[in-house]
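See below for the structure under consideration.
Just so you know, all these numbers are worked out from the coordinates, no wet-lab data involved. What you see is a predicted model, and the numbers here were worked out from it, not measured in a lab. Neighbour counts run over all protein chains shown; Cβ positions are idealised from the backbone, glycine included.
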């Protein structure tokens with residue numbers, strides 16, 4: 001029964017960690033202003049903006065506008081799916097000396113971001129389902145042990161060891177294969193084969209604005225760090241509210 005309690009704790013804490021962490025990093029615009037400076041995205045825009053095949057004058061836009069564009073994109077993909085495409089298509093910019101608004105994204109970019117929104121929606125749904133099921137299993141374990149007048153417990157170190165092993169395996173694989181290779185392979189697996197997901201800087205202001213895939217490595221690291229903190233705190237709180245766990249540790 002301890003195995004069931006331990007595994008349900010792992011899944012419960014992981015699902016809750018993703019839900020809470022995503023909302024947290026989303027609230028601060030995924031720290032884009034920080035990564036903008038760290039990655040020197042302004043230089044990327046200055047270099048590739050004039051080379052864009054579909055849009056002109058983006059290099060004359062300001063840092064404040066770039067941060068706003070990213071925020072608008074990030075907020076758009078979290079809308080209900082039927083609102084995602086209209087919101088993305090409504091993002092416009094005007095170049096220096098021009099009062100004509102131009103769409104920031106072309107059709108292929110809008111479609112890709114819609115695919116991202118669908119993926120995010122599916123991940124969040126999976127996390128909520130996992131959270132509910134693991135919580136029910138945890139309570140079931142608690143009730144069964146209570147009826148047997150036995151201690152309901154899990155060993156914190158068991159949970160932490162599982163978390164640590166999973167993290168190390170993931171990090172080693174990424175280190176051996178390379179982040180960029182993993183990033184592109186995941187794209188091939190999760191996105192529809194007929195929809196474009198790879199964009200050269202010269203054909204996508206979205207890619208230029210995000211300095212893909214570098215920005216996603218930074219955001220992924222931030223999200224992972226936040227998830228680890230939330231997960232460790234969740235396990236600690238569960239441990240603290242089960243006195244029998246402390247007595248049997």
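Quick look at the values:
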{"read-out": "Distance between the range 178-212 and the range 79-96 - C-alpha centres, whole angstrom", "value": "20 Å"}
{"read-out": "Order of 197, 161 under a 10 Å beta carbon neighbour criterion, fewest first", "value": "161, 197"}
{"read-out": "Inter-site label distance for residue 198 and residue 182 at 7 Å from Cα along Cβ, in nm", "value": "2.0 nm"}
{"read-out": "Angle in degrees between helix 2-27 and the longest Cα principal axis of the chain, rounded to the nearest 10", "value": "30 degrees"}
{"read-out": "Helix 107-147 vs. the chain, principal-axis angle (Cα, 0 to 90°, nearest 10)", "value": "10 degrees"}
{"read-out": "Pairwise centroid distance, computed over Cα atoms, of the range 110-146 with the range 1-72, Å", "value": "22 Å"}
{"read-out": "Relative exposure of 61, 181, 130, judged by other C-beta atoms within 10 Å (fewest first)", "value": "181, 130, 61"}
{"read-out": "For 172, 84, 156, order by how many other beta-carbon atoms lie within 10 Å, fewest first", "value": "172, 156, 84"}
{"read-out": "Using alpha-carbon coordinates, inclination of helix 156-177 to the longest axis of the chain, degrees", "value": "30 degrees"}
{"read-out": "Hypothetical label at residue 174: residues of the range 209-229 whose amide nitrogen lies under 13 Å (7 Å Cα-Cβ projection)", "value": "214-228"}
